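To keep things clear, I will list the structure first and then write my remarks on it.
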Amino acid sequence: MALAIKKVGVIGSGQMGNGIAHVAALGGFDVVLNDIAADRIKSALATINGNLSRQVAKKTITEEQRKQALARISGAERLEGLADCDLVIETAVEKEDVKRKIFNELCSVLQPEAIIASNTSSISITRLAASTDRPERFIGIHFMNPVPRMELVELIRGIATDDATFETSKEFVAQLGKQVAVSEDFPAFIVNRILLPMINEAIYTLYEGVGNVEAIDAAMKLGAHHPMGPLELADFIGLDTCLSIMQVLHEGLADSKYRPCPLLVKYVEAGWLGRKTQRGFYDYRGDKPVPTR
Ligand SMILES: CC(=O)CC(=O)SCCNC(=O)CCNC(=O)[C@H](O)C(C)(C)COP(=O)(O)OP(=O)(O)OC[C@H]1O[C@@H](n2cnc3c(N)ncnc32)[C@H](O)[C@@H]1OP(=O)(O)O
Ligand SMILES: NC(=O)C1=CN([C@@H]2O[C@H](COP(=O)(O)OP(=O)(O)OC[C@H]3O[C@@H](n4cnc5c(N)ncnc54)[C@H](OP(=O)(O)O)[C@@H]3O)[C@@H](O)[C@H]2O)C=CC1
C-alpha cells in the first residue's frame, strides 16, 4: 500500500536539486531544499523563480501557481531541517562516498518510516541502500535534465526495496505529471546506459580528430535530429557527472568499451565542467557559446 507523502526534502541544490524542488512544489508538495553551501540554496531559489516565471510567460502555469509553488519551498542549511519529511531525495554530486556520508547523517534525523531516494545517474541502488538503516524504504528516483521539461523518471528498486516504497514513489512521480520507466539495478540504468556511451563516443570522435566540436554537434542535430548535439549535451549534463557515469559503467560492467575518453578526463581535470563552470566543449563566457576545440 502506498504511503502519504506531504513533505519532500531535497539534498543538493544544483541543477537537478532545483529542478526537482521546482516540480515537487508545483505538484503540491511542501519542499525543503538543502545544500552544504548556504549560498547555493539562495541561488537555487532564484533559479526556480526564474524558471517558474518563464513558464508563466509561456502560459504553461499561472501567476498564482508560481506564487504558491514558491511559497511551498523553504531552505534548510542543515540536514536536521529535513527531520519531518516523508520522502527525501538525494541529489548531491555523483560520488558514492559523498552520498554514503549524507545517508549516514540523514538516517539519524529522519523518522523511521520516511523514504529515502537517490537521484543518482548510475550508482548501484542496492549498494547505496545498504549504507542506510532502511534498505526496504530506499529507492532510485532518477529525474532527467532539465527536470521541468523532461517527461520521464526512472524508478530503480534495490534488492530490498519493498512494494509500499515502490508504489509510493510511482504515485509521487504521477502527481508530478511525469511518466515512469522501471529499470533493474544495473550500472547507469536504462537512459544513461544508452546515452552516455554515445556521448563518450562523440568525445572520442573529437579526440581522434574525426571532426571538430561544431561538426560533431551539427552532424547529430541535423543528421540524426537530436535536439542537442552530444558535446552540447555533455556540457549541459556536466562533464564531471558524465565522467563519473562512464567510470561506474567501466568498473561495474568490466568491459573496455566503456573506457572514459582521455579527453573527457582532461576537461574534468582542468575544471572545465561545462555550462555550470562556464567552460567545457564550449566557452559560455561571451554572448554566444564558442567551441573550445
Ligand atoms: C545525466 C542523467 O542522469 C540523465 C539525463 O538527464 S540525460 C539528459 C537528458 N536531457 C536531454 O537529453 C535534453 C536534450 N535537449 C532537449 O530536449 C531540448 O534541447 C530542451 C528541452 C532542453 C530545450 O528545448 P527547446 O525547445 O530547444 O528550447 P526552449 O523552448 O528555449 O527551452 C526552454 C524550455 O526549457 C526549459 N529549460 C531549459 N533549460 C533549463 C534548465 N537548465 N532548467 C530548467 N528548465 C530549463 C525552460 O524552462 C523552458 O521550458 P518552458 O517551455 O516550459 O518554458
Ligand atoms: N546533470 C544531469 O543531467 C543529471 C544529474 N543527475 C544526478 O543528480 C545528482 C546531482 O547532479 P547535478 O545537479 O547535475 O550536480 P550539480 O553539481 O549541479 O549539483 C550538486 C550540488 O550538490 C551539492 N553538494 C555536494 N555535496 C553535498 C553534500 N554533502 N550535501 C549537500 N549538498 C551537497 C553541490 O555543492 P558544491 O558544488 O558546493 O559541491 C552542488 O550544489 C548527481 O548524482 C547526478 O549524477 C541525474 C540526472 C541528470
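Quick notes
- Flag for residue 13 being assigned by the TED database to the domain that holds residue 154 and touching an Asp or Glu at 6+ places or on another chain (Cβ under 6 Å): yes
- Among the residues listed as 90, 151, 136, 94, the single one being surrounded by fewer than 20 Cβ atoms within 10 Å (Cβ to Cβ), of a type in the set (Asp, Glu) and within 15 Å of ligand 2 (Cβ to nearest atom): 151
- In the condition set (1) within 12 Å of ligand 2 (Cβ to nearest atom); (2) farther than 26 Å from residue 25 by Cα; (3) touching a strand residue (DSSP E or B) at 6+ places or on another chain (Cβ under 7 Å); (4) not aromatic (Phe, Trp, Tyr), residue 196 is compliant with all but (3).
- The lone exception for residue 219 - which of (1) buried (at least 18 other Cβ atoms within 10 Å of the Cβ); (2) small (Gly, Ala, Ser); (3) in a helix (DSSP H, G or I) it fails: (1)
- Note on segment 1-53: among residues that are hydroxyl-bearing (Ser, Thr, Tyr) and within 11 Å of ligand 1 (Cβ to nearest atom), the one that is farthest from residue 73 (Cα to Cα) is 53.
- Qualifying residue in segment 169-179 (condition: exposed (fewer than 15 other Cβ atoms within 10 Å of the Cβ) and within 11 Å of ligand 1 (Cβ to nearest atom)): no
- Per-region count, segment 20-79, residues part of a helix (DSSP H, G or I), of a type in the set (A, V, I, L, M, F, W, C) and surrounded by fewer than 18 Cβ atoms within 10 Å (Cβ to Cβ): 6
- Looking only at residues of segment 97-121 that are part of a loop (DSSP other than H, G, I, E, B) and either open to solvent by less than 60 Å² (accessible area, probe 1.4 Å) or in contact (Cβ under 8 Å) with a residue 60 or more places away in the chain (or both), we find that the one that is nearest to ligand 1 (Cβ to nearest atom) is 121.
- Residue pairs meeting the criteria (Cβ under 8 Å; at least 6 apart or on separate chains; first under 11 Å from residue 235 (Cβ atoms), in segment 262-275; second among the hydroxyl-bearing types (Ser, Thr, Tyr)): 272/292; 273/267; 275/284
- Of the residues in segment 162-176, at least one is assigned to a loop (DSSP other than H, G, I, E, B) and closer than 23 Å to residue 104 by Cβ.
The values are calculated or read from the model by the stated rules, or taken from the named source; none is laboratory data. Values in this document were obtained by computation on a predicted structure and should not be read as measured data. Counting neighbours? That spans all protein chains shown, and the Cβs are built from the backbone with ideal geometry, glycine included. We work out accessible area using only protein heavy atoms, side chains counted, and drop any ligands, DNA or RNA first. Shrake-Rupley method; radii C 1.70, N 1.55, O 1.52, S 1.80 Å.
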